[in-house]
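Following: one structure in structure tokens, then a few remarks.
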Amino acid sequence: MRPPGKVIVTCAVTGSAHTPTMNSDLPITISEMVEGSVAAAEAGAAVIHLHARDANDGRPSADVGLFREYCAGIKERSDAVISITTGGASDQTVDERLRVIKELKPELATCNLGTMNYGLFQMIPKYEGRWKFDWEEPYLESTRTTPFVSRFADIEYMLTTLADETGCRFEFEAYDIGHLYTLAFYADQGLVHAPIFMQFVMGTLGGIGPEVENVFHMKEAAVRLFGDDIEWGILGAGRSQFDLITAGATLGGNVRVGLEDSIYLRRGKLAESNADQVDKIVRILEELSREPLSANETRDLLGLKGLDQVGF
């Protein structure tokens, strides 16, 4: 059981939704990724969630070598839990997205609970004619026609073969209420074991909307389906980021910040670093009489294997 008043703070440092044009402080190079991750951990993030980007132009990448450089650099300077994405980007194959988990064997990896439309194309008009790189607009536009793929067979493979071969546990990403029922099905099959760590992903085009009422909706469904065997948290996309994660924290949930989810610190103010967002949520948590769990407390809570068992 999580100690009263303690919260897992996750920081997702770069993601694949935003592009370099949108915020010049979005981490792209290896050094930016490592420095930004270490600073976020020092500010209070117990979990660092990683995507990869081409260091030359910032496009999303599934290059295992890049992930290895990030992870080794972070591990050398921090004891943070590293959670590696299996989401990547919608134009990457499932095999490409899972290869990094097979090779690096992290303590934690994400598991998206269904194939879905994941729209980014709606951001194009705001930046039209101002692109830094020629890949950005076509990439965003491609999400109008290309869904993000996570089939039942892919989920089953992750819960069985991938988990057995790597020893990693999963951070389950629920973009809508139906995803919770998918996870409950696999829990009933004995493929998901407590403690179950899940994020309610809110505010993406194609998933559940960013209204605070939906935080209650998702939390009530999760508790009904899983009882006390869950560690749930909120991931708020875009302008609703801090509204949603603050609401989640007041209900006893964990929180996630980072430039993957929002490139702003507040309305009209771009975030200059991931640590800025971690600092802000830690201040909010303090006002709510809550405090972040340490990385090792998070390991104990989630039953993770430890840094000495990873492949990087």
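Before moving on, here are some points about what is shown:
- If the condition is being under 19 Å from the mean Cα position of the chain (by Cα) and either assigned to a helix (DSSP H, G or I) or hydrophobic (A, V, I, L, M, F, W, C) (or both), then the stretch 285-295 contributes L293, A295.
- Among the residues listed as F197, F185, the single one being outside any loop (DSSP other than H, G, I, E, B) and closer than 26 Å to S240 by Cα: F197
- Among all residues of the stretch 105-114, there is none that is among the β-branched types (V, I, T) and either touching a Leu at 6+ places or on another chain (Cβ under 8 Å) or closer than 18 Å to H18 by Cα (or both).
- Within the option set E156, E213, E137, E165, being in contact with a Phe, Trp or Tyr (Cβ under 6 Å, 6 or more places away or on another chain) and assigned to a helix (DSSP H, G or I) holds for one residue only, E137.
- S24 vs. criteria at pLDDT 95 or above and at negative phi: yes
- Scanning the stretch 212-252 for residues that are among the small types (G, A, S) and over 15 Å from the mean Cα position of the chain (by Cα) turns up A221, A222, G227, S240, A247, G248, A249, G252.
- Residue count for the stretch 116-146, restricted to those that are touching a strand residue (DSSP E or B) at 6+ places or on another chain (Cβ under 8 Å) and either exposed (fewer than 14 other Cβ atoms within 10 Å of the Cβ) or at pLDDT below 95 (or both): 2.
- Some residue of the stretch 67-89 being in a helix (DSSP H, G or I) and among the small types (G, A, S): yes
- Among the residues of the stretch 34-57, just one is buried (at least 24 other Cβ atoms within 10 Å of the Cβ) and charged (D, E, K, R), namely R53.
- Unique match (being free of Cβ contacts under 8 Å to residues at least 12 places away in the same chain, under 21 Å from F121 (Cα atoms) and in contact with a Lys or Arg (Cβ under 7 Å, 6 or more places away or on another chain)) among S61, S24: S61
- For the stretch 140-153, taking the residues that are without any contact (Cβ under 8 Å) to a residue 40 or more places away in the chain and outside any loop (DSSP other than H, G, I, E, B), the one that is nearest to M116 (Cα to Cα) is identified as F152.
- Among the residues of the stretch 200-210, just one is farther than 21 Å from R144 by Cβ and either aliphatic (A, V, I, L, M) or not in a strand (DSSP E or B) (or both), namely M202.
- Checking R239 against (1) part of a helix (DSSP H, G or I); (2) surrounded by fewer than 15 Cβ atoms within 10 Å (Cβ to Cβ); (3) out of contact with any Lys or Arg (no Cβ under 8 Å at 6 or more places or on another chain), the condition it does not meet: (3)
The values are calculated or read from the model by the stated rules, or taken from the named source; none is laboratory data. Only a predicted model underlies this, so the values are computations on that prediction, with no experimental measurement involved. Cβ atoms come from the backbone with ideal geometry, glycine included; neighbour counts cover every protein chain shown.
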